[in-house]
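The values are calculated or read from the model by the stated rules, or taken from the named source; none is laboratory data. Please read these numbers as outputs of a predicted model, since none were measured by experiment. Cβ: placed from backbone, ideal geometry, glycine included. Neighbour counts: every protein chain shown.
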Amino acid sequence: MEKGIIIYQSKYGATKKYAGWLREMTGFACEETSKAAWREAAHYETIIVCGGIYASGIAGLSFLKQNINMLKNKKIVIFAVGASPYDDKALSQIKEHNLKNELKHIPLYYGRGIWDESRMKFVDRTMCKMLQKSVAKKDPSAYEPWMKALMYSIGQTCDWTDQKYLMPLLESLR
């Protein structure tokens, strides 16, 4: 049995960047979710699922949901990537929204990603602008961390990816 595999889904590149760093740091195999098969993943002791957060959902999590019964005896961790700064409350909400039933006890880690409106697809850019307009109506002193980040990012291109976000996940593998 081989040591581990990283299965990732990346829309704009940040998750792919983290998956590449994880591959370098662990020596694990690395595969895009669209090319991964549970039969292949079953050969590994550890499975790391990486995906971006879009509208509170973690991209690529469907692979795990569809195959959890065949993989439940494996060490599984999830690494989610988002544009917001780390926030315990927000991460707890993401976990509650995404990790239910058989996935409930899987550890969830978080890394900050990239914000680049010029690379966003029309639908994503439109949804972000609508959300920004909604947040702009609130009192800035009442903004949650994700709201501050969203409003700060208007018209900006930001790359917050950093290997430091991987350290808690790597510690859990030791």
Applying the selection to region 123-147, what residues are at pLDDT 85 or above and hydroxyl-bearing (Ser, Thr, Tyr)?
SER134, SER141, TYR143
Those residues of region 133-160 that are of a type in the set (A, V, I, L, M, F, W, C), part of a helix (DSSP H, G or I) and closer than 16 Å to GLY82 by Cβ come to a total of 6
Looking at ILE68, ILE94, ILE78 in this structure, which one is free of Cβ contacts under 8 Å to residues at least 40 places away in the same chain and not in a strand (DSSP E or B)?
ILE68
Consider VAL135 carefully, then state whether it is of a type in the set (A, V, I, L, M), exposed (fewer than 12 other Cβ atoms within 10 Å of the Cβ) and over 18 Å from the mean Cα position of the chain (by Cα).
no
Tally of residues being surrounded by fewer than 11 Cβ atoms within 10 Å (Cβ to Cβ) and at pLDDT 85 or above across region 70-122:
8
When only residues in region 60-75 that are out of contact with any strand residue (DSSP E or B) (no Cβ under 9 Å at 6 or more places or on another chain) and charged (D, E, K, R) count, which is farthest from TRP146 (Cα to Cα)?
LYS72
Among (1) buried (at least 20 other Cβ atoms within 10 Å of the Cβ); (2) over 18 Å from PRO107 (Cβ atoms), where does ALA37 come up short?
(1)
Is it the case that region 157-166 has a residue that's aliphatic (A, V, I, L, M), touching a residue at least 40 places away in the same chain (Cβ under 8 Å), closer than 21 Å to TYR18 by Cα and surrounded by 17 or more Cβ atoms within 10 Å (Cβ to Cβ)?
yes
Set GLY27, GLY57: member being touching a residue at least 12 places away in the same chain (Cβ under 8 Å) and more than 24 Å from PRO145 (Cβ to Cβ)
GLY27
If we keep just the residues of region 22-54 that are out of contact with any strand residue (DSSP E or B) (no Cβ under 6 Å at 6 or more places or on another chain) and hydrophobic (A, V, I, L, M, F, W, C), which is nearest to GLN163 (Cα to Cα)?
MET25
Can you find even one residue in region 117-132 that is part of a loop (DSSP other than H, G, I, E, B), over 23 Å from GLU45 (Cα atoms), within 17 Å of the chain's Cα centre (by Cα) and acidic (Asp, Glu)?
no
